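Below you'll find the structure, written out as C-alpha coordinates, and then a few comments.
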Amino acid sequence: MKIDRDAPVGVFDSGVGGLTVAREIMRNLPSEKIVYFGDTARVPYGNKSKETILRYSRQIIRFLREQEVKAIVVACNTASAFALDEVRHELDIPILGVIEPGAEVAARITKNKRVGVIGTEGTIGSGIHEKYLKKLDQEITVIGKSCPLFVSLVEEGWLHDPVTVEVASRYLKELQEQEIDTLILGCTHYPLLRSTIGQVMGEKVQLVNPAYETALELGRLLKEKDLVSTGKEQEEFPYRFYVSDLAEKFKSFANSILPYDVEMTQKIDIEKY
Ligand code: DGL
(Lines give C-alpha, C1' and ligand atoms only; values in the text may rest on other atoms or scores of the structure.)
Protein backbone atom coordinates (compact mmCIF):
# COMPACT_ATOMS: atom_id res chain seq x y z
CA MET A 1 0.00 0.00 0.00
CA LYS A 2 1.31 3.45 -0.92
CA ILE A 3 0.88 5.91 1.96
CA ASP A 4 0.44 9.62 1.15
CA ARG A 5 3.21 11.50 2.98
CA ASP A 6 1.12 14.68 3.02
CA ALA A 7 -1.79 13.01 4.78
CA PRO A 8 -2.42 14.00 8.42
CA VAL A 9 -1.24 12.11 11.50
CA GLY A 10 -4.09 10.65 13.58
CA VAL A 11 -3.81 11.28 17.33
CA PHE A 12 -6.26 9.93 19.88
CA ASP A 13 -6.96 9.98 23.58
CA SER A 14 -9.81 9.44 26.02
CA GLY A 15 -10.46 13.18 26.06
CA VAL A 16 -8.51 16.41 26.40
CA GLY A 17 -5.33 14.94 27.92
CA GLY A 18 -3.82 13.86 24.61
CA LEU A 19 -3.69 17.50 23.62
CA THR A 20 -0.41 17.61 25.57
CA VAL A 21 0.92 15.18 22.95
CA ALA A 22 -0.70 17.06 20.04
CA ARG A 23 0.90 20.24 21.40
CA GLU A 24 4.38 18.69 21.30
CA ILE A 25 3.79 17.43 17.74
CA MET A 26 2.72 20.95 16.71
CA ARG A 27 5.82 22.45 18.33
CA ASN A 28 8.34 19.90 17.13
CA LEU A 29 6.94 18.82 13.75
CA PRO A 30 5.23 22.00 12.53
CA SER A 31 4.71 20.83 8.95
CA GLU A 32 2.64 17.79 10.02
CA LYS A 33 -1.15 17.99 9.90
CA ILE A 34 -3.16 16.40 12.69
CA VAL A 35 -6.56 14.78 13.02
CA TYR A 36 -7.24 14.54 16.76
CA PHE A 37 -9.95 12.42 18.33
CA GLY A 38 -10.89 12.85 22.02
CA ASP A 39 -13.32 10.25 23.36
CA THR A 40 -15.05 12.75 25.66
CA ALA A 41 -18.24 10.66 25.87
CA ARG A 42 -16.44 7.64 27.34
CA VAL A 43 -13.66 9.28 29.39
CA PRO A 44 -12.05 8.23 31.75
CA TYR A 45 -10.19 5.23 30.38
CA GLY A 46 -7.97 4.98 33.46
CA ASN A 47 -10.38 2.87 35.50
CA LYS A 48 -11.75 0.64 32.72
CA SER A 49 -10.84 -2.92 31.73
CA LYS A 50 -8.43 -3.97 29.00
CA GLU A 51 -11.28 -5.43 26.90
CA THR A 52 -13.21 -2.16 26.96
CA ILE A 53 -10.17 -0.04 26.11
CA LEU A 54 -9.27 -2.39 23.27
CA ARG A 55 -12.80 -2.12 21.83
CA TYR A 56 -12.75 1.69 22.12
CA SER A 57 -9.30 1.90 20.54
CA ARG A 58 -10.32 -0.26 17.58
CA GLN A 59 -13.38 1.93 16.96
CA ILE A 60 -11.30 5.10 17.05
CA ILE A 61 -8.69 3.61 14.75
CA ARG A 62 -11.44 2.75 12.26
CA PHE A 63 -12.63 6.35 12.41
CA LEU A 64 -9.09 7.69 11.93
CA ARG A 65 -8.51 5.36 8.97
CA GLU A 66 -11.62 6.83 7.39
CA GLN A 67 -9.89 10.23 7.71
CA GLU A 68 -7.03 8.70 5.70
CA VAL A 69 -4.29 9.35 8.24
CA LYS A 70 -0.76 8.23 7.40
CA ALA A 71 0.20 7.18 10.94
CA ILE A 72 -1.46 6.95 14.34
CA VAL A 73 -0.29 8.15 17.75
CA VAL A 74 -2.04 6.55 20.70
CA ALA A 75 -1.74 9.65 22.86
CA CYS A 76 -3.34 8.00 25.89
CA ASN A 77 -1.16 6.09 28.33
CA THR A 78 -3.95 3.75 29.37
CA ALA A 79 -4.82 2.89 25.76
CA SER A 80 -1.11 2.48 24.96
CA ALA A 81 -0.76 0.11 27.92
CA PHE A 82 -3.84 -1.98 27.10
CA ALA A 83 -4.34 -1.86 23.34
CA LEU A 84 -1.17 -0.96 21.44
CA ASP A 85 0.45 -4.39 21.34
CA GLU A 86 -2.69 -5.91 19.80
CA VAL A 87 -3.75 -3.20 17.35
CA ARG A 88 -0.20 -2.79 16.07
CA HIS A 89 -0.53 -6.15 14.29
CA GLU A 90 -3.85 -5.22 12.71
CA LEU A 91 -2.61 -2.14 10.86
CA ASP A 92 -0.73 -1.41 7.66
CA ILE A 93 0.26 2.11 8.69
CA PRO A 94 2.74 3.00 11.45
CA ILE A 95 1.36 3.34 14.98
CA LEU A 96 3.09 4.37 18.17
CA GLY A 97 2.11 4.91 21.78
CA VAL A 98 3.37 7.10 24.60
CA ILE A 99 4.82 4.44 26.91
CA GLU A 100 7.90 3.22 25.03
CA PRO A 101 9.33 6.68 24.20
CA GLY A 102 9.13 7.70 27.88
CA ALA A 103 10.57 4.40 29.10
CA GLU A 104 13.51 4.64 26.72
CA VAL A 105 14.52 8.07 27.97
CA ALA A 106 14.08 7.05 31.62
CA ALA A 107 16.32 4.00 31.11
CA ARG A 108 18.96 6.23 29.52
CA ILE A 109 19.02 8.97 32.16
CA THR A 110 18.61 7.12 35.46
CA LYS A 111 21.86 6.85 37.39
CA ASN A 112 20.80 4.94 40.48
CA LYS A 113 18.50 2.69 38.38
CA ARG A 114 15.47 3.50 40.48
CA VAL A 115 12.69 4.81 38.27
CA GLY A 116 9.25 5.96 39.44
CA VAL A 117 6.15 5.95 37.24
CA ILE A 118 2.90 7.74 37.93
CA GLY A 119 -0.28 7.19 35.93
CA THR A 120 -3.87 6.00 36.04
CA GLU A 121 -4.88 2.86 37.90
CA GLY A 122 -5.08 1.02 34.56
CA THR A 123 -1.62 2.04 33.40
CA ILE A 124 0.09 1.32 36.72
CA GLY A 125 -1.83 -1.94 37.18
CA SER A 126 -0.76 -3.14 33.72
CA GLY A 127 2.93 -3.12 34.74
CA ILE A 128 3.81 -2.05 31.20
CA HIS A 129 6.56 0.41 32.17
CA GLU A 130 8.33 -2.24 34.19
CA LYS A 131 8.12 -4.60 31.21
CA TYR A 132 9.74 -2.09 28.84
CA LEU A 133 12.27 -0.77 31.34
CA LYS A 134 13.43 -4.25 32.35
CA LYS A 135 13.79 -5.15 28.70
CA LEU A 136 16.11 -2.18 28.31
CA ASP A 137 18.02 -2.76 31.54
CA GLN A 138 17.44 -5.73 33.85
CA GLU A 139 18.90 -3.85 36.80
CA ILE A 140 16.31 -1.09 36.85
CA THR A 141 13.84 -1.14 39.73
CA VAL A 142 10.46 0.37 38.83
CA ILE A 143 8.16 1.85 41.43
CA GLY A 144 4.65 2.67 40.22
CA LYS A 145 2.01 4.83 41.84
CA SER A 146 -1.44 5.68 40.52
CA CYS A 147 -2.54 9.26 41.09
CA PRO A 148 -6.17 9.33 39.89
CA LEU A 149 -7.09 12.73 41.36
CA PHE A 150 -4.52 14.52 39.20
CA VAL A 151 -6.74 14.19 36.11
CA SER A 152 -9.65 16.06 37.73
CA LEU A 153 -7.35 18.72 39.20
CA VAL A 154 -5.90 19.44 35.76
CA GLU A 155 -9.31 19.56 34.11
CA GLU A 156 -10.43 21.94 36.85
CA GLY A 157 -7.48 24.15 35.90
CA TRP A 158 -5.92 23.91 39.39
CA LEU A 159 -2.39 23.55 38.11
CA HIS A 160 -0.64 25.53 40.86
CA ASP A 161 -3.27 25.42 43.58
CA PRO A 162 -2.37 24.63 47.24
CA VAL A 163 -4.87 21.74 47.07
CA THR A 164 -2.93 20.24 44.16
CA VAL A 165 0.36 20.63 46.06
CA GLU A 166 -1.20 18.83 49.04
CA VAL A 167 -2.57 15.99 46.87
CA ALA A 168 0.78 15.66 45.09
CA SER A 169 2.67 15.54 48.39
CA ARG A 170 0.50 12.65 49.59
CA TYR A 171 0.68 10.67 46.37
CA LEU A 172 4.40 11.16 45.87
CA LYS A 173 5.57 10.53 49.44
CA GLU A 174 6.04 6.84 48.72
CA LEU A 175 8.18 7.56 45.69
CA GLN A 176 10.34 9.99 47.66
CA GLU A 177 10.94 7.33 50.29
CA GLN A 178 11.99 4.88 47.57
CA GLU A 179 14.77 7.27 46.49
CA ILE A 180 14.00 7.30 42.81
CA ASP A 181 16.13 9.62 40.67
CA THR A 182 13.82 9.61 37.61
CA LEU A 183 10.06 9.94 37.40
CA ILE A 184 7.96 9.20 34.30
CA LEU A 185 4.84 11.38 34.02
CA GLY A 186 2.87 8.40 32.69
CA CYS A 187 -0.51 10.04 32.11
CA THR A 188 -1.48 12.60 29.49
CA HIS A 189 -2.52 15.23 32.04
CA TYR A 190 0.56 15.11 34.24
CA PRO A 191 2.93 17.22 32.10
CA LEU A 192 0.58 20.11 32.93
CA LEU A 193 1.43 19.55 36.62
CA ARG A 194 5.12 19.39 35.92
CA SER A 195 6.10 22.34 38.07
CA THR A 196 4.03 21.19 41.06
CA ILE A 197 5.35 17.63 40.79
CA GLY A 198 8.89 18.96 40.37
CA GLN A 199 8.51 21.16 43.43
CA VAL A 200 7.31 18.21 45.54
CA MET A 201 9.92 15.72 44.28
CA GLY A 202 12.83 18.16 44.48
CA GLU A 203 15.64 18.98 42.07
CA LYS A 204 17.41 15.63 42.30
CA VAL A 205 14.57 13.80 40.55
CA GLN A 206 14.47 14.14 36.78
CA LEU A 207 11.00 14.26 35.27
CA VAL A 208 10.35 12.50 31.96
CA ASN A 209 7.58 13.96 29.79
CA PRO A 210 6.40 11.18 27.44
CA ALA A 211 4.37 13.69 25.37
CA TYR A 212 7.58 15.40 24.25
CA GLU A 213 9.49 12.15 23.75
CA THR A 214 6.61 10.74 21.67
CA ALA A 215 6.64 13.75 19.33
CA LEU A 216 10.38 13.21 18.75
CA GLU A 217 9.84 9.49 18.21
CA LEU A 218 7.08 10.25 15.70
CA GLY A 219 9.50 12.48 13.81
CA ARG A 220 12.06 9.65 13.68
CA LEU A 221 9.45 7.12 12.60
CA LEU A 222 8.10 9.30 9.78
CA LYS A 223 11.64 9.86 8.54
CA GLU A 224 12.46 6.15 8.66
CA LYS A 225 9.28 5.29 6.70
CA ASP A 226 9.79 8.13 4.23
CA LEU A 227 6.56 9.74 5.38
CA VAL A 228 7.67 13.23 6.42
CA SER A 229 5.24 15.80 5.05
CA THR A 230 6.52 17.87 2.13
CA GLY A 231 4.74 20.87 3.65
CA LYS A 232 3.54 21.80 0.19
CA GLU A 233 -0.13 21.00 0.60
CA GLN A 234 -1.51 23.91 2.63
CA GLU A 235 -4.91 23.39 4.20
CA GLU A 236 -7.34 25.80 5.76
CA PHE A 237 -7.51 23.61 8.90
CA PRO A 238 -4.19 21.77 9.34
CA TYR A 239 -5.39 20.62 12.78
CA ARG A 240 -8.83 19.04 12.94
CA PHE A 241 -10.46 18.00 16.19
CA TYR A 242 -13.20 15.43 16.69
CA VAL A 243 -14.87 14.40 19.94
CA SER A 244 -17.59 11.99 20.97
CA ASP A 245 -19.35 14.54 23.24
CA LEU A 246 -19.41 18.18 24.37
CA ALA A 247 -17.42 19.80 21.61
CA GLU A 248 -17.57 23.29 23.15
CA LYS A 249 -16.11 22.21 26.50
CA PHE A 250 -13.30 20.45 24.67
CA LYS A 251 -12.64 23.54 22.62
CA SER A 252 -12.20 25.83 25.62
CA PHE A 253 -9.74 23.44 27.29
CA ALA A 254 -7.89 23.02 24.00
CA ASN A 255 -7.62 26.76 23.55
CA SER A 256 -6.17 27.10 27.04
CA ILE A 257 -3.22 24.81 26.34
CA LEU A 258 -2.53 24.86 22.59
CA PRO A 259 -0.32 27.41 20.83
CA TYR A 260 -3.00 27.58 18.18
CA ASP A 261 -6.62 28.68 18.06
CA VAL A 262 -8.89 25.66 17.79
CA GLU A 263 -11.61 26.52 15.33
CA MET A 264 -12.94 23.24 14.05
CA THR A 265 -14.28 20.79 16.64
CA GLN A 266 -16.84 18.30 15.51
CA LYS A 267 -18.85 15.74 17.44
CA ILE A 268 -19.12 12.28 15.92
CA ASP A 269 -20.93 9.10 16.92
CA ILE A 270 -18.01 6.80 17.70
CA GLU A 271 -20.28 3.83 18.49
CA LYS A 272 -21.03 3.63 14.77
CA TYR A 273 -17.47 2.53 14.07
N1 DGL B 1 -5.62 9.91 28.98
C2 DGL B 1 -5.56 9.05 30.14
C3 DGL B 1 -4.16 8.46 30.24
O4 DGL B 1 -3.19 9.00 29.79
C5 DGL B 1 -5.95 9.78 31.39
C6 DGL B 1 -7.41 10.13 31.50
C7 DGL B 1 -8.29 8.91 31.56
O8 DGL B 1 -8.29 8.19 32.57
O9 DGL B 1 -8.97 8.68 30.58
O10 DGL B 1 -4.00 7.41 30.80
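The values are calculated or read from the model by the stated rules, or taken from the named source; none is laboratory data. As the structure is a prediction and not an experimental result, all values here were calculated from the model. Note: ideal-geometry Cβ built from the backbone for every residue, glycine included; neighbour counts use all protein chains shown. What goes into the accessible areas is simple: the full protein's heavy atoms, side chains included, and nothing from ligands, DNA or RNA. Shrake-Rupley method; radii C 1.70, N 1.55, O 1.52, S 1.80 Å.
Over segment 7-154, accessible surface divided per residue gives 35 Å², non-protein components excluded, 1.4 Å probe. Helical content alone sets the calculated 222 nm signal of the chain at -13500 deg cm²/dmol, taking -39,500 (n - 2.57) per DSSP H segment of four or more residues and averaging over every residue. Within the assembled protein chains, the solvent-accessible surface assigned to residue 114 is about 70 Å², based on a 1.4 Å probe. With Cα atoms as the point set, segment 1-155 shows a radius of gyration and Dmax of 15.7, 46 Å.
Sorting the segments 175-184, 217-226 by their mean number of nearby beta carbons within 10 angstrom, highest to lowest, gives 175-184, 217-226. For segment 131-249, dividing the convex hull volume of the Cα atoms by the residue count gives 173 Å³ per residue.
When the Cα centres of segment 244-268 and segment 70-119 are compared, how far apart do they sit, in Å? When both Cα centres are located, 25 Å separates them.
Just so you know, the averaged projected area of the alpha carbon convex hull for segment 47-133 sits at 5.9 nm².
The distance linking segment 204-223 with segment 1-33 is 13 Å (Cα centroid to Cα centroid, whole angstrom). For segment 209-269, the equivalent ellipsoid derived from the Cα gyration tensor has semi-axes of 26, 16, 12 Å, listed largest first. Across q = 0.08, 0.14, 0.17 Å⁻¹, the chain modelled as identical point scatterers on its alpha-carbon atoms has Debye log10 I(q)/I(0) values of -0.30, -0.95, -1.38, in the order of the q list.
Straight-distance candidates among the lysines for linking to residue 134, with alpha-carbon spacing under 23 Å and chain neighbours fewer than 8 residues away dropped: 50, 111, 113, 145, 204.
So, for segment 163-206, what is the accessible surface per residue at a probe of 1.4 Å, expressed in square angstrom?
I get 47 Å² per residue for this part.
Counting only protein heavy atoms and using a 1.4 Å probe, what share of the accessible area of the chain belongs to carbon plus sulfur, as a whole percent? Ligands and nucleic acids excluded, carbon and sulfur give 48 percent.
Modelled this way, with points 7 Å down the Cα-to-C-beta line, the labels at residue 249 and residue 138 are 4.9 nm from one another.
To the nearest 10, the accessible area of residue 51 is 130 Å² with a 1.4 Å probe.
Computed across segment 1-55, the Kirkwood radius stands at 12.7 Å (inverse of mean 1/r, all Cα pairs).
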